[in-house]
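**Q** Take a look at this one; I'll ask things after.
The values are calculated or read from the model by the stated rules, or taken from the named source; none is laboratory data. In this text the structure is predicted, and so the values were computed from the model without any measurement. Cβ sites come from the backbone with ideal geometry, for glycine too, and all protein chains shown count toward neighbours. With ligands, DNA and RNA removed, areas are computed over all heavy atoms of the protein, side chains included. Shrake-Rupley method; radii C 1.70, N 1.55, O 1.52, S 1.80 Å.
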Amino acid sequence: MSYKIYVPCDTTAVSIGADKVATAISQQAQAQGLAIELVRNGSRGLFWLEPMVEVETAQGRVAYGPVRMSDVASLFEAQFLEAGDHPLKLGLTEEIPFLKQQERLTFARVGVIDPLSVSDYAAHGGWAGLRNALTLTQADIVSAVTVSGLRGRGGAAFPAGIKWQTVLTAQGEQKYIVCNADEGDSGTFSDRMLMEGDPFCLIEGMIIAGVAVGATQGYIYLRSEYPRAFTTLKTAIANAKAAGFLGANILNSGKAFELEVRLGAGAYICGEETSLLESLEGKRGQVRAKPPLPAIQGLFGKPTVVNNVITLASVPVILAKGAAFYANYGMGRSRGTLAFQLAGNIKHGGLVEKAFGLSLQALLNDFGGGSRSGKPIRTVQVGGPLGAYVPAEQFHLPLDYEAFAKEEFMIGHGGVVAFDDSVNMAQMAQFAMEFCVEESCGKCTPCRIGSVRGVEVIERIRQGENRAANVELLKDLCDTMINGSLCAMGGMTPFPVLSALKYFPTDFGLNAAPKV
Amino acid sequence: MNTTLEALIQAHRDQAGALLPILHAIQNQLGYVPAEATPLIAKSLNLSRAEVHGVISFYHHFRTTPPGKHTLQICRAESCQSMGSRDLEAHAKAALGIDYHQTTTDGAISLEPVYCLGNCACSPAVRVGDEVQGRMDAAHLDALIAELRQGGVA
């Protein structure tokens, strides 16, 4: 009998030793003459327990973690292959509360399957959405996405169905599906986890999008900081093609779809959709003025769907289980689930896929377990480097696009970065401007010059130079950037700055909260 | 050198939007994009040299000078800052005796900043070659640097 063991190949799991653990397990099994099948799965997203090793048993998969290379010998002694007791034993994986309390729709297979096995994907519900889509009219596929309420998960939260409808009705001999996999926001890793752990889910979503709007070519624009995802995607695309899911005649449907993955080159701005398109065309990643919308004139001037990884990867489940199934999750106009990412100074960092509507408090405490340092969490930055700093007194807010927007916060791509009380918020505000200096594409003045002046004026405030006047100047500058910038880079860099100033005035050497 | 460059350009020039794939291919092979590449690429893609130069200089990833034997990237983004990356980068600069975008005098290590490696649940993170290492601290970084100097890993 052969034992089936899972050791994640996910970047984060590997960054804390998963490869070494996998090698040690293989060697130990060989030395003991035990037949094992070692699967390198994605991560379940319980990163404080990584490297998490799972063993398949009749009762289900049993987890051990965090496993270090030096624990491997004792695991074998404890007969972990038979689910034996060991201090690192976590019990049945699916029963771990952090995982059990989630609602995994998009991430249903991540960490469960062999990421590169077309058949494993199929055995866990894969390709069902595509098979359904191939029986529907283009308008019906688009309608399902619209009715599901799915909104862009990259950050802008634009209704995906409306974007698809625009491309469907646009005239063009060639149309494109572009996946925005330039996940540059600090505190976010859901795109990476999905691409490394369940790449066929993204591929299936892109094929469905192609069939829906009549696009025959897709591109995944992947950031160069994700080398593992790059390798995984390339292999997955080749495997999908060999199995007939990509190519000139998908599953003998007469429909064609080709897919290619392209690497970015370390420019944060290329996560902005028009800048991304410029970069794909081989140019400097400078933002385009809109209109025209990419849906009308996108890649190489042709109608183009540009969607984030998680948006596209949510499409298969919608087509497989129906729009109503998906729309049944969530609150208000935020339908379905979001893959929240707990990052920074947090005890239980990882991925939490939940329906919209749970509170930040629940996310940080019930799932996150408080800060890693053990000190109180003073603030969290939600939505990446352009997202506001949310103070502890606002942690009661429900995670809902509109509820957040009302307070000038942003959910964005769902990244939540926790900071304990050692953080200096004036320093973080200055960093927001420094980041904009570094990453501005340079096309518009408020962003290119405004960010440089922003660094200078915050520096002066911190040094106590003419403080009241400089705070006024900073607010005025932020107003110019918000209203005068061409895209979200310059237009939203002020949000972390102004929220820091509003909620943490003492860090700037101010006595009371200035009116922001 | 020119033969290598020509071959790499030739291999990718027919792709749609070929410039970035060409630059990646060159840097993968040589470690940087040498000045000689610019006129060759420009001619092949029917672009001006200024356009090619503009693209090379726009992207942080592309470098125009040879890197050290290893490139050590330290994440500067917010998540890593919340777990002490500011101290870590100061430590790295002091230990290596260089600033960002510089290479140690023995040619062993180039130090580069990076904004997010997507490893934010195990901050702070650094990257050497294609390997990311999480939960980095000063002691582990010293060990990593020593290992790199001896020619090990990545």
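**Q** Every residue in the stretch B:98-154 that is more than 14 Å from chain A (Cβ to nearest Cβ) and under 13 Å from the mean Cα position of the chain (by Cα), please.
**A** B:Gln102, B:Thr103, B:Ile109, B:Ser110, B:Leu111
**Q** Let me ask another. Is one or more of the residues making up the stretch B:43-59 surrounded by fewer than 17 Cβ atoms within 10 Å (Cβ to Cβ), more than 14 Å from chain A (Cβ to nearest Cβ) and out of contact with any Cys (no Cβ under 9 Å at 6 or more places or on another chain)?
**A** yes
**Q** Could you list all residues from the stretch B:90-118 that are under 25 Å from A:Leu386 (Cα atoms), open to solvent by 10 Å² or more (accessible area, probe 1.4 Å) and in contact with a helix residue (DSSP H, G or I) (Cβ under 9 Å, 6 or more places away or on another chain)?
**A** B:Tyr100, B:Pro113, B:Tyr115
**Q** Let me ask something additional. Could you say whether any residue in the stretch A:433-443 is within 13 Å of chain B (Cβ to nearest Cβ) and either farther than 19 Å from B:Tyr115 by Cα or in contact with a strand residue (DSSP E or B) (Cβ under 8 Å, 6 or more places away or on another chain) (or both)?
**A** yes
**Q** Collect the residues in the stretch A:7-64 that are in contact with an Asp or Glu (Cβ under 6 Å, 6 or more places away or on another chain) and touching a residue at least 60 places away in the same chain (Cβ under 8 Å), keeping them in residue-number order.
**A** A:Asp10, A:Val39, A:Gly42, A:Ser43
**Q** Going by the structure shown, is A:Gln102 within 22 Å of the chain's Cα centre (by Cα) and polar (S, T, N, Q)?
**A** Details: within 22 Å of the chain's Cα centre (by Cα): yes; polar (S, T, N, Q): yes.
When the stated conditions are applied, A:Gln102 passes them.
**Q** Could you list, in sequence order, all residues of the stretch A:5-36 that are closer than 28 Å to A:Tyr226 by Cβ and either assigned to a loop (DSSP other than H, G, I, E, B) or open to solvent by 30 Å² or more (accessible area, probe 1.4 Å) (or both)?
**A** Pass one, the stretch A:5-36, residues closer than 28 Å to A:Tyr226 by Cβ: A:5-26.
Listed by number, the residues that qualify are A:Val7, A:Pro8, A:Cys9, A:Asp10, A:Ile16, A:Gly17, A:Asp19, A:Lys20, A:Thr23, A:Ser26.
**Q** Give the residues of the stretch B:28-42 that are open to solvent by 30 Å² or more (accessible area, probe 1.4 Å) and part of a helix (DSSP H, G or I), sorted by residue number. Break it down into steps so the answer makes sense when it comes.
**A** Here is the first cut: in the stretch B:28-42, the residues open to solvent by 30 Å² or more (accessible area, probe 1.4 Å) are B:28-30, B:32, B:35-36, B:39-40.
If the condition is that a residue be open to solvent by 30 Å² or more (accessible area, probe 1.4 Å) and part of a helix (DSSP H, G or I), then B:Asn28, B:Gln29, B:Leu30, B:Pro39, B:Leu40 are the ones that fit.
**Q** Here are B:Leu5, B:Leu72: which of them is of a type in the set (A, V, I, L, M), under 24 Å from B:Ile109 (Cα atoms) and more than 13 Å from chain A (Cβ to nearest Cβ)? Full working, then the answer.
**A** Working: B:Leu5 fails: under 24 Å from B:Ile109 (Cα atoms).
Sole residue among the options that is of a type in the set (A, V, I, L, M), under 24 Å from B:Ile109 (Cα atoms) and more than 13 Å from chain A (Cβ to nearest Cβ): B:Leu72.
**Q** Do we have A:Val167 as open to solvent by less than 10 Å² (accessible area, probe 1.4 Å), touching a residue at least 60 places away in the same chain (Cβ under 8 Å) and over 23 Å from the mean Cα position of the chain (by Cα) here? Spell out how you get there, then give the answer.
**A** Working: open to solvent by less than 10 Å² (accessible area, probe 1.4 Å): yes; touching a residue at least 60 places away in the same chain (Cβ under 8 Å): yes; over 23 Å from the mean Cα position of the chain (by Cα): yes.
Spelling it out, A:Val167 is indeed open to solvent by less than 10 Å² (accessible area, probe 1.4 Å), touching a residue at least 60 places away in the same chain (Cβ under 8 Å) and over 23 Å from the mean Cα position of the chain (by Cα).
**Q** So which of A:Gly205, A:Gly152 is buried (at least 22 other Cβ atoms within 10 Å of the Cβ) and more than 14 Å from chain B (Cβ to nearest Cβ)?
**A** Values: A:Gly152 fails: buried (at least 22 other Cβ atoms within 10 Å of the Cβ).
Checking each option against the conditions leaves just A:Gly205.
**Q** Follow-up. Filter the stretch A:355-393 down to the residues that are in a strand (DSSP E or B), open to solvent by 10 Å² or more (accessible area, probe 1.4 Å) and out of contact with any Leu (no Cβ under 7 Å at 6 or more places or on another chain), then identify the one that is farthest from the other protein chains (Cβ to nearest Cβ). Steps first, please.
**A** The initial filter retains those residues of the stretch A:355-393 that are in a strand (DSSP E or B), namely A:355, A:359, A:377-382, A:389-391.
Going one step further and asking which of them are open to solvent by 10 Å² or more (accessible area, probe 1.4 Å), we end up with A:355, A:359, A:377-378.
Pick out the ones that are also out of contact with any Leu (no Cβ under 7 Å at 6 or more places or on another chain) and you get A:355, A:378.
On the way: A:Ala355: 21, A:Arg378: 10 Å.
Within the stretch A:355-393, the match that is farthest from the other protein chains (Cβ to nearest Cβ) is A:Ala355.
**Q** So, in the stretch A:266-300, exactly how many residues are assigned to a loop (DSSP other than H, G, I, E, B) and more than 9 Å from chain B (Cβ to nearest Cβ)?
**A** Step one: of the stretch A:266-300, the residues assigned to a loop (DSSP other than H, G, I, E, B) are A:266-267, A:272, A:281-298.
Next, from what is left, pick out any that are more than 9 Å from chain B (Cβ to nearest Cβ): A:272, A:287-298.
The total comes to 13.
**Q** So, in the stretch B:12-27, how many residues would count as being open to solvent by 30 Å² or more (accessible area, probe 1.4 Å) and polar (S, T, N, Q)?
**A** So the count comes out to 1.
**Q** Answer with yes or no whether A:Val261 is in contact (Cβ under 8 Å) with a residue 12 or more places away in the chain and farther than 30 Å from B:Gln133 by Cβ. It would help to see each step written out before you state the result.
**A** On the way: in contact (Cβ under 8 Å) with a residue 12 or more places away in the chain: yes; farther than 30 Å from B:Gln133 by Cβ: no.
Spelling it out, it is not the case that A:Val261 is in contact (Cβ under 8 Å) with a residue 12 or more places away in the chain and farther than 30 Å from B:Gln133 by Cβ.
**Q** Shifting gears a bit: Against the conditions (1) within 14 Å of another protein chain (Cβ to nearest Cβ); (2) under 24 Å from A:Leu130 (Cβ atoms), where does A:Asn252 fall short? Just the number, please.
**A** Tallying (1) within 14 Å of another protein chain (Cβ to nearest Cβ); (2) under 24 Å from A:Leu130 (Cβ atoms), A:Asn252 fails exactly one: (1).
**Q** Which one is farthest from A:Met425 (Cα to Cα) among residues in the stretch A:465-482 that are open to solvent by 40 Å² or more (accessible area, probe 1.4 Å) and touching a Gly at 6+ places or on another chain (Cβ under 8 Å)?
**A** A:Thr480
**Q** Which residue is nearest to A:Ala339 (Cα to Cα), if the candidates are limited to the stretch A:26-46 and must be within 14 Å of chain B (Cβ to nearest Cβ) and touching a Pro at 6+ places or on another chain (Cβ under 9 Å)? Before the answer, list the steps.
**A** Let us first name the residues in the stretch A:26-46 that are within 14 Å of chain B (Cβ to nearest Cβ), namely A:42-46.
Imposing the further condition that a residue be touching a Pro at 6+ places or on another chain (Cβ under 9 Å) reduces the set to A:42-44.
Details: A:Gly42: 15, A:Ser43: 14, A:Arg44: 12 Å.
Only one residue tops the list, namely A:Arg44.
**Q** Identify all residues within the stretch A:311-350 that are of a type in the set (D, E, K, R) and within 14 Å of another protein chain (Cβ to nearest Cβ); write none if there are none.
**A** Quick first cut of the stretch A:311-350, residues of a type in the set (D, E, K, R) only: A:321, A:333, A:335, A:347.
Correct list: A:Lys347 only.
**Q** Here's a follow-up. Filter the stretch B:9-27 down to residues that are over 19 Å from A:Leu222 (Cβ atoms) and outside any helix (DSSP H, G or I) and give me whichever is farthest from the other protein chains (Cβ to nearest Cβ).
**A** Here the residue is B:Asp14.
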